[in-house]
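J.: One structure follows; several queries about it will come next.
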Amino acid sequence: MTVDDDDPVRIWRPYLQKLPAHHDASLINLVNLESQLLKLDSRVLTSSNEVRVQVTDVYDEHRATKLHTNLNSLQHFLTTEPAIPNGLNIRVVSIYSLDSIFPLKIPPPLMSLLLERYAVHPSFIQVLLSFGRNVHISEAGNSLLYVDERDNEAYVSYQLNYVEESRRKLIPWSWRHTGVYHHRRQPREGQRGYDFFILLHPNETSALDRRILDGLGIAEEPRTQPGLSQDKARYHSNLVHSLVLSSFICNWRWYLRYLGDQFEEYNNRALVDLPDESTPRESYDTVSDLRNLNDYALRAHICCRGNLDLISALKPAIASSSGKTASDSTGQALRGCETLILALQGYIKSCEELVPRMRNAIDLAGYTLSLHNQLETARVDLELRDLTSHLKRLQEDNLDDSAAVKVITFVSAIYLPGSFIVSLYGMNFFVFDEDLRQIVIAKDFWVFLATWLPLTLVTGLIYVLIVWFDAWWKRKPFRFFQRPGKDDVSEPEAQIGNEFAKG
């Protein structure tokens, strides 16, 4: 296998084939494990030639650290140098990422070689798979803790979820997670013991990395320094776990204070905002911001509970692997773990106090938003009432005009035939007698009447028939010269009137 190899099967198969020789085969689902490793993509491990891996060693005679920043250097270290040199007490392999959402700076072939060379327990793969993305909400309370103890071997792997202050202006806190793998071999006849660590860091300037170098008495520059006694070196291996936990758990205090400050600001706004003075958009923004804060507080609560469970389970596990009991005050596996447990219990209580208050503020802001909606609905209803009233008056005016037009039409129907007949006969039925100085009706005037009256009746009858046919065609009751009543209002207009009457 080479660094340039891009076949996932060839990359991970050597590590998988050697697992049963080092670990209990009945506890390893190789098929599932291989499927998970084959799904590893550039999200978890870098697909480029970027490398940033630091190896820190504590020997009997000296201590040293070296940062590998290129492929050849790291590959030479993993292939030529012995996995556990003579006199080695502690080895810490730190793998860095640019940020939580970026892949670890080690390519898959070299990661596989590292896991194979040190026979890393397969439980660590679950921790590895969680990198390359932010802390998933479904895994916020899961530390992925695994402990496997044997006669002289102990394997511990876990993930610590926490928050860390960032330089962003909008949200000055970022969610982080650090992965830890620890293999401890107890000394026995003919063999000496050692501790091997793999630390997965979410950024290149991890506070944990600096604290480990300081705790082990190693400067950041490669150099050798006086060694430690065997007992002291063993104590420093337990110190690594304490440093991992204490480096980040205290951040919860300041994060919760940040949430509290943000909550007070939004809560005061929700208390003083009046529905008739603020806009619906402002009320909606307040509800949205409070819900986001509530989600952050819930997530912090889950993470703090997960951290508490991790410390509670990790303390006796590390103590047991050290050959001590958890109640042994002279050799506690995790220094200051009781202080961390008390602190986490306080953080959990703070979350339990903060979350209900946030929900009350959300309800209050939600009521304000509901009042906005009610006021807006009432305003629209009032405008619709005015519009409906105006339309009703307009309809009444139209009905009156329609009735007047009908009367005029009917009267015209009476006079129009006469006018027609007069024009037809040229007014010859009336003669002006000059001797009598008066108008004299002609003897043939009955012809005019005999023509005008039947024609007027026929015209009126035709008009009535047209009105009746129009009512029949439109399926309306036939009314002649009658004002429409309430039953004649159209169905949509009747529905609108009923709704406003109920309102």
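J.: Heavy atoms only, probe 1.4 angstrom, no DNA, RNA or ligands counted: give me LEU170, LEU340 ranked by accessible area, highest first. Each step should come with its number before you reach the end.
T.: Details: LEU170 150, LEU340 25 Å².
Descending accessible area places them as LEU170, LEU340.
J.: Rank GLU383, GLU165 by accessible area, highest first, at a 1.4 Å probe radius?
T.: Details: GLU383 95, GLU165 130 Å².
Ranked list, largest accessible area first: GLU165, GLU383.
J.: If you don't mind, another one. What residues qualify as long-range amide H neighbours of VAL163, i.e. H under 5 Å apart, gap of 5 or more or another chain, H built at 1.01 Å from N?
T.: ARG176
J.: Given the protein chains as shown and a 1.4 Å probe, how many square angstrom of LYS66 are accessible, to the nearest 10?
T.: 110 Å²
J.: Related question: So, taking all protein chains as they sit and a 1.4 Å probe, how much accessible area belongs to LEU453, in Å² rounded to tens?
T.: 80 Å²
J.: Moving to a separate point now. By its C-alpha gyration tensor, with a ≥ b ≥ c as the square roots of the eigenvalues, how is the range 1-79 shaped: rounded for a/c under 1.5, else prolate for a/b larger than b/c, else oblate? Don't skip to the answer; put the middle values down first.
T.: On the way: a/c = 2.44, a/b = 1.34, b/c = 1.82.
Oblate.
J.: Explain nothing, just compute: Karplus ³J(HN,Hα) = 6.51 cos²θ - 1.76 cosθ + 1.60, θ = phi - 60°, for every residue of the range 285-293 in order, whole Hz, x for Gly and Pro.
T.: 4, 5, 4, 4, 5, 5, 5, 4, 4
J.: Please list, ordered by chain and number, the residues whose modelled amide H lies under 5 Å from the amide H of HIS68; skip anything fewer than 5 residues away on the same chain.
T.: The answer is VAL53, GLN54, VAL55.
J.: Here is a further query. As a quick test, which of the pairs LYS39/LYS169; LYS66/LYS315; LYS18/LYS315; LYS105/LYS315; LYS392/LYS474; LYS406/LYS443 have an alpha carbon distance above 27 angstrom in this structure? Kindly include the intermediate steps, with their values, before the conclusion.
T.: Numbers: LYS39/LYS169 36 Å; LYS66/LYS315 30 Å; LYS18/LYS315 30 Å; LYS105/LYS315 31 Å; LYS392/LYS474 22 Å; LYS406/LYS443 36 Å.
Beyond 27 Å: LYS39/LYS169; LYS66/LYS315; LYS18/LYS315; LYS105/LYS315; LYS406/LYS443.
The values are calculated or read from the model by the stated rules, or taken from the named source; none is laboratory data. Predicted, not measured: the structure shown is a model, and the values here were computed from it. Note: accessible area is taken over every heavy atom of the protein model, side chains too, but ligands, DNA and RNA are not part of it. Shrake-Rupley method; radii C 1.70, N 1.55, O 1.52, S 1.80 Å.
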